[in-house]
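The values are calculated or read from the model by the stated rules, or taken from the named source; none is laboratory data. All of these numbers come straight from a predicted model, not from anything done at the bench. Cβ placement follows ideal geometry from the backbone for every residue including glycine, while neighbour counts extend to all protein chains displayed.
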Amino acid sequence: MALYINYFYRRQDDFWQEEALEKLPALKRATNMLVCGEDLGMVPRCVPDVMKELGVLSLEIQRMPKATGVAFFHPKDAPYLSVVTPSTHDMSTLRGWWEEDRDLSQRFFNDMLGYEGKAPWFSEAWLNRAILRQHFQSPAMWSIFQMQDLLGMDEKLRRENPHDERINIPANPRHYWRYRLHIALEDLLKAEDFNGEVRAMVEESGR
């Protein structure tokens, strides 16, 4: 284990830092796009310092905390140079995740949302709304959502089966990206209650 830790996390750390500081600035100069790094999972120790020095935004996902010993990350603790999101295309949506692990969703309900008692078995519209509101009000520069999670706030617009909302399952090589929005954009523009709710959350958060 000591050899493993040394090889992957210490021995080559200075090398990767030097390479990053040489190559990443050139990549940044080649585009006027804002750069965000997917700094999740197993990353070299130098990554946070390099990203901070170069102004590369980090990715903060509530269900994938970077700190050890905690189950969740709270969007209110996100740094300004970051993107917060409740889910990505490689994960289940909020509604799908809520049904995957009853103990975990119960813990989230009590600890992260601050509610007492038993959590609902399914992610009801008000639950989706509460989770998204945390992300809207985060100090992060960007708060970005999958359309499925936004639609999860409206029981009339969202899909009936939350498992039909998932885009990709990385562990399954035979899974294909077949997700399509089930509502025509013209009809979505007419959904005044939904659009008004999203607009209010944007304005309340100052975004």
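Here are some notes:
- Matching residues in the stretch 164-199 - criterion: being assigned to a helix (DSSP H, G or I) and under 21 Å from the mean Cα position of the chain (by Cα): ASP164, GLU165, GLU197, VAL198, ARG199
- When residues of the stretch 41-60 are limited to those that are at pLDDT 90 or above and part of a loop (DSSP other than H, G, I, E, B), the one surrounded by the fewest Cβ atoms within 10 Å (Cβ to Cβ): GLY55
- Qualifying residue in the stretch 161-179 (condition: exposed (fewer than 12 other Cβ atoms within 10 Å of the Cβ), under 29 Å from LEU81 (Cα atoms), out of contact with any strand residue (DSSP E or B) (no Cβ under 6 Å at 6 or more places or on another chain) and at pLDDT below 95): yes
- Verdict on ARG95 being in a helix (DSSP H, G or I), of a type outside the set (S, T, N, Q) and touching a Ser or Thr at 6+ places or on another chain (Cβ under 6 Å): yes
- Output for the stretch 189-207, where each listed residue is free of Cβ contacts under 8 Å to residues at least 40 places away in the same chain and farther than 17 Å from ALA125 by Cα: LEU189, LYS190, GLU203, GLY206
- Only one entry of GLU19, GLU60 meets the criterion of being charged (D, E, K, R) and closer than 23 Å to HIS135 by Cα, and that entry is GLU60.
- Per the conditions (1) within 13 Å of the chain's Cα centre (by Cα); (2) farther than 17 Å from ILE167 by Cβ; (3) among the polar types (S, T, N, Q), the sole criterion not satisfied by SER92 is (2).
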